[in-house]
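Enquirer: Structure provided below as structure tokens; questions to follow.
The values are calculated or read from the model by the stated rules, or taken from the named source; none is laboratory data. Computed from a prediction, not measured in an experiment: that's the story for all the values here. Please note: Cβ atoms are built from the backbone with ideal geometry, for glycine as well, and neighbour counts cover all protein chains shown. When the accessible area is computed, the model is the full protein with side chains, heavy atoms only, and any ligands, DNA or RNA have been set aside. Shrake-Rupley method; radii C 1.70, N 1.55, O 1.52, S 1.80 Å.
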Amino acid sequence: MEIRSERHEACLRLYLAGEMTIYSAAELKPALLDAMGQSEEIEIDLAGVGEMDTSGVQLLMLLKREAAAAGKTLRLAGHSPAVLEVFELLGLGNWFGDPQLLPAGLGAAWEATP
Amino acid sequence: MSLDLGDALHTFFAESRGLLQDMEEALLRLETAPDDAEAVNAVFRAAHTIKGAAGLFGLDAVVAFTHKAENVLEQVRNNALPLTEELIGLFLACRDHIERLVDLTSAQGEMDDDVRTQGEALGSRLSLCMGDADVPLPVEAASPVVSAGGGRTAGEAWHLSLRFGQDVLKNGMDPLSFIRYLATLGEIRHLATLADALPAAAGMDPECCYLGFEISLKSEADKARIESVFEFVRDDCQLRILAPGSRVADFLELIAALPEDRTRLGELLVASGALTQRELDESLAIQECESARQEPVQPLGEILVEHQMVQPELVGAALSKQKDARQRQSQEARFVRVHADKLDSLINLVGELVIAGAGVGLMAARHQDGAMAESVSGMARLVEDIRDGAMRLRMVEIGDTFNRFRRVVRDVSKEIGKDIELLIGGADTELDKTVVDKIGDPLTHLVRNAMDHGIESAQVRLARGKPAQGSVRLDAYHDAGGIVIEVTDDGGGLNRDRILAKARERGLIQDGDSLADREVWNLIFEPGFSTAEQVSNLSGRGVGMDVVRRNIEALRGSVEIESQPGVGSTFRIRLPLTLAIIDGFLMGVADGHYVVPLDTVLECVELEAGRDERDFLNLRGEVLPLLRLRQHLALQGRPLRRQNVVVVRCAGRKAGLVVDELKGEFQAVIKPLGQVFSRVRGISGSTILGSGQVALVLDVPALLDEAATDQAAALQA
């Protein structure tokens with residue numbers, strides 16, 4: 001798992017690349033929490049996430065919740081197909097509330113979700 | 001990789017090999033029945049367990065490769081990827097690679113380039129499969145809930161409450177894959193993910209699972225089928241399933257039983273279409289009142305039946321299934337892994353005990369003390385029981401060894417392009433572990449030979465009026481104190497003329513020799529003998545059959561052949577049941593003591609005086625050839641006036657051994673003879689008598705063979 005960070009004015013943008021799975025979870029959690037401590041506004045770019053399992057989703061959910069509790073803004077962006085698949089399976093699109101760019105096939109179905 | 005080869009790791013190796021074996025069996029089963037969901041599960045389970053366990057030990061190479069294979073397997077399990085024959089072949093190759101990796105680790109070897117390229121090749125083939133399967137997910141998008149005018153009513157769907165245990169991820173299982181698999185059973189109408197159990201950031205272990213799921217599933221499957229989805233995590237997961245159309249009260253029960261906030265769950269259920277808002281409000285109100293009365297909680301099963309949600313039979317079935325699972329677990333717990341060395345040393349000790357016991361018996365007899373003789377005989381009986389018990393510890397069923405040949409037969413028939421099935425009989429026949437271990441190689445050779453040389457090509461078979469599919473049969477059964485293993489094929493049989501021609505060419509026989517079938521067949525066991533016109537890479541190089549015979553003889557066994565042209569051949573291996581302690585029959589010749597296995601002894605008769613010169617005996621109208629041990633072993637001294645005949649039988653032949661004295665039954669602890677005596681035929685070992693004297697154990701089949709050759713030579717002379 002690689003994390004690259006860029007700062008755009010107030011916003012800290014993190015680019016994740018690799019697997020968000022149980023194998024990387026232990027390393028990812030402190031890294032992401034640490035990054036969150038550095039900025040009021042964070043955007044996590046998931047375009048490079050090739051694989052995601054429960055631990056990965058869970059970590060994102062934790063970050064989102066922590067950010068909300070601390071009054072910070074956390075956005076997810078550039079969802080990769082692997083991430084979209086998991087979000088769709090678990091009905092988490094609305095939970096995170098970030099705009100998702102959907103591939104053509106999935107888009108239609110997504111709008112029907114309550 | 002630095003490893004601390006602890007006990008746990010050894011267990012891992014042993015278990016992995018067992019799992020790989022299961023995996024292979026399941027894959028082979030899938031080859032004939034690709035729809036066998038249970039077999040797919042078995043393969044998946046095996047790969048999964050190995051990956052999980054390898055992960056615990058940090059065997060990264062094993063984990064990484066198995067993970068790839070498991071991904072493809074998961075696709076198969078979710079019906080996203082059809083299980084073709086090619087795919088099964090690939091999985092078999094993967095299984096072999098995993099085995100190689102495990103073996104390498106256990107030998108603490110380094111991965112060489114060969115293994116690495118092989119792994120990479122397999123890996124890329126696996127990824128290719130995944131690429132093909134990159135179809136849209138089987139999960140259909142959730143449909144609008146509680147549609148106002150639609151035909152669907154809320155009661156149509158199953159409702160599942162899932163709370164995974166914290167350790168599922170660490171145990172190598174991903175809740176997501178279970179949900180994906182669930183989606184293959186029907187349509188997931190609604191799924192809500194609950195993160196309520198997620199602790200604060202500081203206390204959250206990223207490798208624990210804190211998520212829960214409320215799922216509404218529309219499916220034709222029954223409850224047991226849905227439950228079986230979560231079979232792998234049953235111990236690690238709280239699962240509640242409500243049938244379609246469950247009553248509001250049941251949902252309330254569910255809400256009460258779940259850890260999350262009650263109102264929130266209620267809302268969730270409304271959202272998923274299980275309940276309407278009105279039903280929920282009313283019921284919650286009623287429950288508020290009732291809870292004040294504090295009724296004792298009924299077991300779930302009772303509640304379900306009482307509310308007529310589930311028929312009593314269903315609960316009964318579920319309970320008995322649980323009981324089965326528990327029984328299976330307790331049965332597994334009844335096995336103890338013991339190091340083979342410990343067993344061997346136990347058997348050795350029992351052997352010494354038998355000898356010491358015989359010594360005590362002898363002393364008691366010498367002192368003519370009645371009371372002592374009685375307690376000694378009591379002890380002797382116990383020693384005998386201990387001996388039998390100890391020997392039985394080493395007995396294993398031959399079925400496992402036989403089953404390994406399914407793979408051999410599959411691979412070889414692919415390789416040589418013949419359609420051959422393997423039939424197995426007598427798989428529950430037990431024999432000594434050491435024998436089982438050593439019989440594998442000779443059997444492999446015989447099976448390969450039967451497939452390569454024995455079974456004809458499909459065209460020839462059809463022309464001969466046989467089914468196109470050939471068959472090789474492995475059989476085992478007990479016979480006269482030994483075990484018989486047969487390898488039978490329904491092929492063309494041995495070619496007598498060709499064997500004879502080859503034997504003449506090699507100078508093994510003379511032109512004028514006339515040989516019985518049996519003798520002709522035995523020629524193929526001569527070193528360097530092969531009649532195959534074409535040498536394949538399987539067999540036909542002429543090495544092997546002599547090695548087969550030598551291996552079998554090293555186990556004090558023998559091999560014989562039966563063959564009929566056009567019908568097939570049978571290779572029959574006879575082995576002693578055990579290698580260590582036998583019930584023997586003790587005889588005296590000249591000053592020496594000799595033992596034959598008791599199972600080979602039929603009866604004893606007195607040899608009438610004055611008939612010394614003849615080499616046969618009329619035994620109730622039957623001609624019985626005699627073997628005079630004194631002459632045969634070239635012993636000194638004059639024969640006693642009265643001699644006895646011990647009638648022995650082996651492999652269907654009978655003969656009489658002429659001895660001086662009959663000394664009765666005797667438990668013989670067989671000690672191998674030293675290397676010096678390895679060329680002595682007719683004697684298979686030695687044993688120690690109670691008096692400390694040494695007795696020789698006679699190898700009856702070899703003696704009979706030798707007697708027969710001697711006789712033939714005498715006749716020719």
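Enquirer: Set the Förster radius R0 to 51 Å, insert the Cβ-Cβ distance between B:Asp411 and B:Gln368 as r into 1/(1 + (r/R0)^6), and round the FRET efficiency to 0.05.
Expert: 0.15
Enquirer: I've got another one for you. At a probe radius of 1.4 Å, figure out the A/B buried accessible area, summed over both chains, and give it in Å² to the nearest 100. Mind showing how you got there, number by number?
Expert: Values: alone 6340 and 38120 Å², together 41860 Å².
Interface area, both chains combined: 2600 Å², rounded to the nearest 100.
Enquirer: At a Förster radius of 35 Å, what calculated FRET efficiency corresponds to the Cβ-Cβ distance of B:Met111 and B:Asp35, to the nearest 0.05?
Expert: Numbers: r = 37 Å, r/R0 = 1.06.
So, using R0 = 35 Å, E works out to roughly 0.40.
Enquirer: At a 1.4 Å probe, what is the % contribution of carbon and sulfur to the accessible area of the range B:173-231? Kindly include the intermediate steps, with their values, before the conclusion.
Expert: Values: 810 of 1690 Å².
Reported share for carbon and sulfur atoms: 48 percent.
Enquirer: Tell me, in nm to one decimal, what length is gained between B:Glu706 and B:Asp96 on full extension, where the rule is 0.36 nm per residue of separation less the Cα-Cα distance? Before the final figure, lay out the partial values.
Expert: Working: separation 610, 0.36 × 610 = 219.60 nm, distance 4.60 nm.
Separation in residues times 0.36 nm, less the Cα-Cα distance, equals 215.0 nm.
Enquirer: Name the residues of the range B:158-177, by number, that are at least 20 Å² less accessible with every protein chain in place than in the isolated chain; the surface is that of heavy atoms, probe 1.4 Å, without ligands or nucleic acids.
Expert: B:Leu169, B:Asp174, B:Leu176
Enquirer: Along the range B:449-455, what does the Karplus equation 6.51 cos²θ - 1.76 cosθ + 1.60 (θ = phi - 60°) give for ³J(HN,Hα), rounded to whole Hz, x for Gly and Pro?
Expert: So the J values, rounded to whole Hz, are 4, 4, 6, 7, 9, x, 7.
Enquirer: Taking R0 as 30 Å, what's the FRET efficiency between B:Asp205 and A:Asn94 from their Cβ-Cβ distance, rounded to 0.05? Let's see the in-between values first.
Expert: Working: r = 27 Å, r/R0 = 0.89.
With a Förster radius of 30 Å, E is 0.65.
Enquirer: In the range A:67-101, which residues give up 50 Å² or more of accessible area once the other protein chains are added, compared with their chain alone (1.4 Å probe)?
Expert: A:Glu85, A:Leu89, A:Leu90
Enquirer: Describe numerically, in nm with one decimal, the distance between label points set 7 Å from Cα along Cα→Cβ at B:Asp497 and at A:Ala70.
Expert: 9.3
Enquirer: What shape does the range B:396-576 have by the C-alpha gyration tensor, where a ≥ b ≥ c are the square roots of the eigenvalues, rounded means a/c under 1.5, and otherwise prolate means a/b greater than b/c and oblate the rest? Mind showing how you got there, number by number?
Expert: Details: a/c = 1.73, a/b = 1.16, b/c = 1.50.
Judged from the Cα gyration tensor, the range B:396-576 comes out oblate (a/c at least 1.5, b/c at or above a/b).
Enquirer: Could you tell me the accessible area of A:Glu85 in Å² (1.4 Å probe, neighbours in place), rounded to the nearest ten?
Expert: 40
Enquirer: With a 1.4 Å probe and all protein chains left in place, how much accessible area per residue does the range B:7-132 have, in Å²? Please report the intermediate quantities before stating the final value.
Expert: Values: 5590 Å² over 126 residues.
About 44 Å² of surface per residue is accessible.
Enquirer: Give me, ordered by chain and number, the residues 5 or more places off B:Phe616 or on other chains with an amide H under 5 Å from its own placed amide H.
Expert: Sorted by chain and number, the residues that satisfy this are B:Leu626.
Enquirer: Given the protein chains as shown and a 1.4 Å probe, how many square angstrom of B:Asp517 are accessible, to the nearest 10?
Expert: Roughly 80 Å² of B:Asp517 is accessible to a 1.4 Å probe.
Enquirer: How about the range B:597-671: which trypsin sites (Lys or Arg not before Pro) there are in a DSSP loop, with at most 13 other Cβ atoms within 10 Å of their Cβ?
Expert: Values: sites: B:Arg611, B:Arg614, B:Arg620, B:Arg628, B:Arg630, B:Arg641, B:Arg642, B:Arg649, B:Arg653, B:Lys654, B:Lys663; in loops: B:Arg611, B:Arg614, B:Arg620, B:Arg641, B:Arg642.
Answer by residue number: B:Arg611, B:Arg614, B:Arg620, B:Arg641, B:Arg642.
Enquirer: Could you work out how much longer the chain between B:Ser127 and B:Leu239 gets when fully extended? Use 0.36 nm per residue separation minus the Cα distance between them, nm to one decimal. Intermediate results must be reported in sequence, preceding the final value.
Expert: On the way: separation 112, 0.36 × 112 = 40.32 nm, distance 3.35 nm.
Here the segment from B:Ser127 to B:Leu239 would lengthen by 37.0 nm.
Enquirer: Would you calculate the separation in nanometres between label points at B:Arg381 and B:Arg504, each defined as 7 Å from the Cα along the Cα-to-beta-carbon direction?
Expert: 6.6
Enquirer: If you don't mind, there's one more thing I want to ask. Which lysines does B:Lys223 reach when only Cα atoms under 21 Å apart count, and residues fewer than 8 places away in its own chain are ignored?
Expert: Within the straight-line limit of under 21 Å, B:Lys223 reaches these lysines: B:Lys321, B:Lys323.
Enquirer: Compare each residue of the range A:8-41 in its chain alone against the assembly with all protein chains, and report those whose accessible area goes down by 30 Å² or more; 1.4 Å probe, heavy atoms.
Expert: Output list: A:Ile22, A:Tyr23, A:Ala26, A:Lys29.
Enquirer: Between A:Arg4 and B:Glu603, what is the spin-label point distance in nm, taking each point 7 Å from the Cα along the Cα→C-beta axis?
Expert: According to this spin-label approximation, the distance is 9.6 nm.
Enquirer: Can you compute the label reach from B:Val338? Point 7 Å from Cα along the Cβ direction, backbone N cut-off under 15 Å, restricted to the range B:420-437.
Expert: In the range B:420-437, the label zone of B:Val338 (backbone N under 15 Å from the point 7 Å along Cα→Cβ) covers B:432-434.
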